[in-house]
Every structure is written in C-alpha cells, then in structure tokens.
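Report on the structure given below.
The values are calculated or read from the model by the stated rules, or taken from the named source; none is laboratory data. The shown structure was predicted, so the numbers you read here are calculated from the model rather than taken from an experiment. Note: ideal-geometry Cβ built from the backbone for every residue, glycine included; neighbour counts use all protein chains shown.
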Amino acid sequence: MSSTLSRNAMKIVSYLSKNPGQPASINQLARLIGISVGSAHQILKGLETEDIVQADIYGNSLICRLNKSSPKTLDLVQTLSQGKTPKAKKTKIVCTIGPAANTVSQILKLVEEGMDVARINGAHGDESSFLEMIKNLRKASPSIGILLDLPGTKMRIVDLEQEVPVIPGQKVMFAASSRKDAITVDQVEFPRLLKSGRHFSVDDGSITFIVDNIEGGVVDAVAQNKGILKNRKGVIIPDIKLKAGITPRDKELIAFAIKQELNFIGFSFVSSAEDVFRLEGQLKGTKLKIISKIETKKAIENYRDIIQSSYAIMIDRGDLGSDVPFEQLPRLQKRVIQECNAQGKPVIIATEMMHSMVSSPVPKKSEITDVANAVLDGASAVMLSAETAVGQYPLETVRAMRKIIQEIEGEVVPSQSEGMASDDTGLMGSVVLGLIQKGSIDKVLCITHGGFTARMLSRFKLPTPIIALTSDPKIVQRLSLVWGVIPLLVEKEIDNTASVEQKKEAIVSCLRNGLIDIDDTILLVGAVFPNHRKVINMVELHRVSEIIGFFGLAKSEIVEAE
C-alpha cells in the first residue's frame, strides 16, 4: 500500500499519526516537511481521495487529520511504525571523537542522531589513536567530514598523572619545568609572562587563579573558584599575544592529515590573514581546507581578512571569552557570523554548548537557548567537545542538540545582507531566493564540481533544502559542514558543462535516494563554463514529473532506494 504513495505523502501521514491530538493546517505541514504549500495541497488532495486524510475548513484555514476509521490509514500507520522517520535539519553538528564514543557502532549511532562532521582534537592523543578513530569514522560513514584540530601554541598543563581538585582560596604551585610539588605548564616563558596580582585561567576559563608570588621559576597562585585541574587543559593569560606559528608538533599532524586525506585542519591563535597564507603554503597540492579559529582580541581586529582567507571559521568562545570582556562575547559572535554568511564561509560555534551533559542526561535551560540562538544568528554548525569525547551521555547530547535545531530552524529568516548581490553569483542567488519566496519550489539541486555553488547559495539561508550533487567523494565530505546542504555522490563525472546527461543523472539520483518526489517542483542551479572565474550563471525551474518525461523515462523506471 505505502509503495503507491510518494515519500512526501508518507511524511505527512507520519507526522499526523505521531500528533493525533494536533490537527495541522496545510501551511504547517508544508513548513514541517520542507515542501511548498502548493505541493502540500496537491498531496493532501490525493490523501483525501484515498480516504486516508480528512480535511475540514476552520475560518480561512484547511485543517487536516488522519481518518482513523479507514483500513488504509491503519495499514499505513502500522507500516510507518516499523520503519524510521528521516531526521532533517539544516544546521550541522560537529562532534569531538574520544573515549566516550569511538567504536564503529558508537560512531554510527552519533551519525544517526545527527553528527555531520567529526572533530579530532590534536592536543589529546597520538597518531596511532587518531588513525584508529579515522578508520572507524570511515567505516561508519564515508560521507562525513573529518576535522583535525591542531594544538598550536596554546599553553597547556602537562605530565599531570591524576586530576587535582581545587577550592577557592587554595594555593597551587605552577612551574614551566617538571617538579613533584608543582603543576607543570608546557611553555618555558610561562613564569615570565606573569607578575604578582595578575590573573590567569585554566580549562577555557573555568578555573581562575591570582598570582601571589613568583620565585625561581615557580608561580604561587590562589584559586578563585572551585574546579578540577586536568592534564592537557589549556592555560590562558589575558592580553598575552601568543604567536600563531606552526609548531613542530603541528607540522607532524599536518603531514599526518595529508597522508590520511582528511578534510579540514583547525588553525589555532590566528591573528591575521598572513598567518593563514603561511599555513596554506604548506597545504598546496592537497585537498585540506583551513578552519581558522577566532579566539583572541587580535583575531577580532582582523576578522574580516581572516574570514576571507579561510575556508571556514570556528568561534572558540572559551579562549575568546578569556581574552575579551565576557559581556562582549554575544555581540562579537553575532558580528563574526554575519560576516561569514556575507562571504559565504561556513562558521562553527564552539565551547560548552551543552557542557552540563558531560554528566547529565538532559541539558540546562540556558544551554538550550544558547544552541537555539546560535542557529538564529546564522551559524553553519554547532560543536560538541567534552560532551561527546569524554562525556557520560554522548548520544543523548547529540539527540538533544538535534531536537533543539529542528525546533528552532523554522524561525530562521532567509538572509540577503547588503553587498551579497553585488556580483553575478550574488545576483543569481537573489534570483533563487526570490523564486522560492514567490513560487512553489520544493527543492534546489546544485550540480557542483567543487562545492562553490552550494556554499554561495547556503549563505542566503534558503527555506528549501539544497541538494548538492558531485562526483568527488571529498567534496561530499567537505559540504557536510555547509548549512542547509545535503551532499549526494553521483556516479557520472560532474564538470563545468551542466550537460543534459548531468542534469538527468542529478534528478534520477535524487529520486532514487528519496531526496525529491515525483510531484516536486525544483530549481536546477549551477556554474556553466566558468573557466575564468567562479560564478553561478544557470538557474532552471522544472516539474520533476515533466522533466523525467523529457529524459525519456517512465515513472515505473525510477525506483526509490530503500
């Protein structure tokens, strides 16, 4: 019975069956399922004809509910209860991989709950442990992106064999050389950067100390709050400018990332575009992309140039919040996100988004609103660190974050900031947005060789999904970070011609993977013959049912992949 209904029709039945006490209007169903109102109306007419749905007029609205007395309805509900409902979201989730979830089965569950990109923290572990993570990640899901975060020049606690609890007023000794009676910090200049009365913090600012005395390379400090000192946690001294130089350890990890064909490198303590250019020089001839971390005052001063020179940006609120007055953090976060969206660069919001879930199965209310506001601000992705690396509830955390994203994304307003339509690509993006807002467009299909078209459309925060079709597996992995984009690997080579054969491959692949429906209206977008520059210059509107006829295909020839 279910095979006679389109996938979108099944989604409508699924929603109504799960919300029996909440009849829905056509507008609500269209928004929830991600299709146009016109398509939702046509589908509901068919369901009403089949006696599956009842529609009643209330005021100016048509309210729909399942016809529970119909045998067809009962059959459908039973079929749906035996399967899985697709989890659609546009904001991506980056999960740090660690002991809490690093086996193939655990990673697969993270992916099922909503993980799009996996992060490996280069400060915790060695190449052998990282290699095991990478193998398990690729076995679990070949399409997810992998980010290796370089340790950089950040000062860290080292050689700490066991955790050290501290309480307010407790005196703690720190030193740059290994001593039995002191906490070791891995930078020789650490004592010289401090003086009596100066503050410094540990673990993204969670524990603050005031220097009492410095003598013989040993720093005597007084804890200002309760916390636990742990090995490899960062040490931050406000207003101290650490150079963004590439350390010997960073160079080893860069070589490792190149050999393992990873997707992204996280670059710490970037202060200018020149820092990014220097790292880029070491990556020539590779497919590694740089994610620059905005985490210092200096980076904020140069954030526009840093964004322009990077593939993507990570706002590290832990270090940044320790280097600027805390009350400035929300404003700076919004400003950087806005600029990233204007330039078409993915932006990740990081640090303590769901931190309470390291030890709790439910998030705090403030964390719920933090994630939601990051989505509303226009973040491409939100990141989990300790929550999924060492937390007690990694799956529950990803599930909770995904639910928050899904709930709030309906409130994201399509974006068209000043200057976005200043070139040909921006102008065509505005055309796509206008067609979606004025017409009944269900999906946007990007035929893309390197991901440019999908990234440039993503910045408009389109209300309809963007399906990016490419023949390069690395581009599929790279686009896993881009907001609103569903990457799909196709067999036939995609180049810059957007030929009829490529369009046919795109549409048939989407149909067979259940990403579009036979009754959808779609936009085909691409860059045709852009030999001299990157530019979107093709937009076509099609009804799927009509164009497959043009391709000489019968509906019965296109079978959805199970």
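Computed values, structure above
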quantity: Qualifying residue in segment 330-349 (condition: of a type in the set (D, E, K, R), in contact with a strand residue (DSSP E or B) (Cβ under 8 Å, 6 or more places away or on another chain) and in a helix (DSSP H, G or I)); calculated: no
quantity: Pair list, Cβ < 7 Å and 6+ apart or interchain, from segment 426-450 residues that are under 30 Å from K287 (Cα atoms) to residues that are at pLDDT 90 or above and among the hydroxyl-bearing types (S, T, Y); calculated: K443/T464; V444/T464; C446/T453; T448/T470; H449/T470
quantity: From the options R232, R278, R249, residue that is assigned to a helix (DSSP H, G or I), under 16 Å from N121 (Cα atoms) and at pLDDT below 95; calculated: R249
quantity: Residue pairs meeting the criteria (Cβ under 6 Å; at least 6 apart or on separate chains; first in contact (Cβ under 8 Å) with a residue 24 or more places away in the chain, in segment 119-146; second in a strand (DSSP E or B) and of a type in the set (S, T, Y)); calculated: R119/T96; N121/T96
quantity: Residue, surrounded by the most Cβ atoms within 10 Å (Cβ to Cβ), within segment 454-508, restricted to residues that are assigned to a loop (DSSP other than H, G, I, E, B) and among the small types (G, A, S); calculated: G484
quantity: Test: residue in segment 316-329 that is surrounded by 20 or more Cβ atoms within 10 Å (Cβ to Cβ), among the polar types (S, T, N, Q) and closer than 13 Å to A374 by Cα; calculated: no
quantity: Residue list for segment 408-441, filter: closer than 17 Å to K534 by Cα and at pLDDT 75 or above; calculated: D423, D424, T425, G426, L427, M428, G429, S430
quantity: Of residues in segment 199-236 being hydrophobic (A, V, I, L, M, F, W, C) and touching a residue at least 60 places away in the same chain (Cβ under 8 Å), the one farthest from P165 (Cα to Cα); calculated: I236
quantity: Check on P165, in contact (Cβ under 8 Å) with a residue 60 or more places away in the chain, under 30 Å from A381 (Cβ atoms) and not hydroxyl-bearing (S, T, Y); calculated: no
quantity: Residues of segment 191-222 satisfying the condition of being over 19 Å from A176 (Cβ atoms) and of a type in the set (D, E, K, R); calculated: D204
quantity: Residue within segment 368-381 that is touching a residue at least 24 places away in the same chain (Cβ under 8 Å), touching a Ser or Thr at 6+ places or on another chain (Cβ under 7 Å) and not small (G, A, S) present; calculated: yes
quantity: Condition met for L511 (crowded, with 17+ Cβ neighbours inside 10 Å, touching a strand residue (DSSP E or B) at 6+ places or on another chain (Cβ under 6 Å) and at pLDDT 85 or above); calculated: no
quantity: Condition check for L279: within 24 Å of I240 (Cβ to Cβ), surrounded by 18 or more Cβ atoms within 10 Å (Cβ to Cβ), touching a strand residue (DSSP E or B) at 6+ places or on another chain (Cβ under 7 Å) and without any contact (Cβ under 8 Å) to a residue 40 or more places away in the chain; calculated: yes
quantity: Residue, farthest from I348 (Cα to Cα), within segment 286-303, restricted to residues that are in a strand (DSSP E or B) and touching an Asp or Glu at 6+ places or on another chain (Cβ under 9 Å); calculated: I290
quantity: Positions within segment 258-275 being out of contact with any Ser or Thr (no Cβ under 7 Å at 6 or more places or on another chain), of a type in the set (A, V, I, L, M, F, W, C) and not in a strand (DSSP E or B), in sequence order; calculated: L262
